[in-house]
1. For C41 and L29 in the same chain, what is the full-extension length gain: residue separation times 0.36 nm, less their Cα-Cα distance, in nm?
2. Using a 10 Å cut-off on Cβ atoms, rank the peptides 66-79, 47-60 from the highest mean neighbour count down.
3. If you work out Cα extents along the principal axes in Å from the coordinates, which of [x] 55, 46, 36; [y] 66, 43, 32; [z] 111, 44, 22 do you get?
4. What accessible area per residue, rounded to a whole number of Å², is obtained for the stretch 1-129 using a probe radius of 1.4 Å?
5. Which residue, chosen from L74, C41, L126, occupies the Cα position most advanced towards the positive end of the dipole of the stretch 39-164, where the dipole is computed from +1 (Lys, Arg) and -1 (Asp, Glu) charges on Cβ about the Cα centre?
6. Carbon and sulfur atoms: what percent of the 1.4 Å accessible area of the chain do they account for?
7. Which residue, L31, L154, L90, tops the fluctuation ranking in a GNM of the chain built on C-alpha contacts under 10 Å?
8. What length, rounded to one decimal in nm, is gained on full extension from Y77 through to Y52, with 0.36 nm per residue of separation minus their alpha-carbon distance?
Amino acid sequence: EVILSRGVCGMAHAAAAGQPMTFLGPTGLTLAFTTALYAYCSALSLPFLPMYAWVGMWTSGMLLAASVANLSGLIRYCTRFTEDVFNFLLAFNYVAEACRSIRASFTGLAGSGFLALNTAGLTAWLCQATAAFRSKRYLSPMAREAISDFGPPLVILAVTAASL
C-alpha cells in the first residue's frame, strides 16, 4: 500500500510540477526510519498505516513551526563532520541488517548460511573492484569511468540473479 501510494503521488507530483525526473522515493534515512517504525508497530500490535499517517502529520507540524520561526538559518552550524556522522550511521544500519540476515541464514537449511556469506563476500569484493577500476591502467579512460560508475549496481544485479 505504501509503495502504491508513493507511486501514485509521485506521478501526480511530477505531472503537476512539470518535472518528470523529480525523485520522491524514500532515501536511506527515510527507509531506515520506516523499517524501524514498522518493527515498532509490529512489536506493539499497532496498525502501521495510521501510525505512519500520524507521524507524517506530526512531522508536518514541526516543519511548519520551523519554517515560521525561520530555523533554516541554523544550517550554517552543520559541518561536514555532521554529514559524515549521519552517513556513517546510515551505512552502519545497512551493514548491521546485512550481518543480521547472514547470521539468521545459518539457523536455516544446512549450508545456506555459508552460501549467503560467500555471496555477500563476493558482492562486496566485486563492488570494491569495479568502483576502484577508475585508477587502473586497463582500457580507455571512458571505459574505466563507465565501469567505475556502473559496475557496483551491475554487480549487485548479476550476483542477485545468479543466486536465485
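The values are calculated or read from the model by the stated rules, or taken from the named source; none is laboratory data. Remember, it's a predicted structure, so these values are computed and weren't measured experimentally. For neighbour counting, all protein chains shown are included, and Cβ atoms are generated from backbone atoms with ideal geometry for every residue, glycine included. Accessible surface areas use protein heavy atoms only, side chains included; no ligands, DNA or RNA. Shrake-Rupley method; radii C 1.70, N 1.55, O 1.52, S 1.80 Å.
1. Once the chain is fully extended between C41 and L29, it gains 2.5 nm.
2. In decreasing order of mean packing, 66-79, 47-60 become 47-60, 66-79.
3. Evaluating Cα extents along the principal axes in Å on these atoms matches [x].
4. On a per-residue basis, 80 Å².
5. Checking the options against the dipole of the stretch 39-164, the answer is L126.
6. Here carbon and sulfur together make up 73 percent of the probe-accessible area.
7. Of L31, L154, L90, the Gaussian network model singles out L154 as fluctuating most.
8. Going from the current span to full extension adds 6.0 nm.
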